[in-house]
1. Anything in the range 4-31 that is of a type in the set (Val, Ile, Thr) and without any contact (Cβ under 8 Å) to a residue 40 or more places away in the chain? List them, or say none.
Amino acid sequence: MFRHTYCATRLQTLDAGAPVSTYTVAREMGHGGESMVRRVYGHLGQVRHRSEAVEYRVEQHVAKLGTRLEGLRALGFGTTIGTTA
């Protein structure tokens with residue numbers, strides 16, 4: 001469920017102060033090459049907002065998560081799920 005969101009958000013992050021490359025994101029996603037990432041998410045290279053970390057606000061997905069949100073909370077996830085390099 002979160003692969004699309006992660007990929008889209010990760011392409012808007014910074015890697016050592018520069019926009020992260022599609023190659024890096026493709027490798028993180030387990031793809032053999034970057035062509036699919038470029039095809040589906042290539043338009044995100046034009047995004048002006050960049051961040052140092054990927055952060056998800058779980059509560060934004062309450063309708064889709066339903067009862068699974070409680071399961072996430074039981075595992076210790078609060079209002080955000082953050083990833084950093």
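The values are calculated or read from the model by the stated rules, or taken from the named source; none is laboratory data. Quick caveat: nothing in here was measured; it's all calculated off a predicted structure. Positions of Cβ are backbone-derived with ideal geometry, glycine not excepted, and every protein chain shown enters the neighbour counts.
1. Of everything in the range 4-31, those that are of a type in the set (Val, Ile, Thr) and without any contact (Cβ under 8 Å) to a residue 40 or more places away in the chain turn out to be 20, 22, 24, 25.
A quick yes/no check of all residues on (1) at pLDDT below 75; (2) in contact with a helix residue (DSSP H, G or I) (Cβ under 9 Å, 6 or more places away or on another chain); (3) outside any strand (DSSP E or B); (4) surrounded by 15 or more Cβ atoms within 10 Å (Cβ to Cβ):
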| residue | (1), (2), (3), (4) |
| --- | --- |
| 23 | no, yes, yes, no |
| 31 | no, yes, yes, yes |
| 41 | no, yes, yes, yes |
| 56 | yes, yes, no, yes |
| 62 | yes, yes, yes, no |
| 85 | yes, no, yes, no |
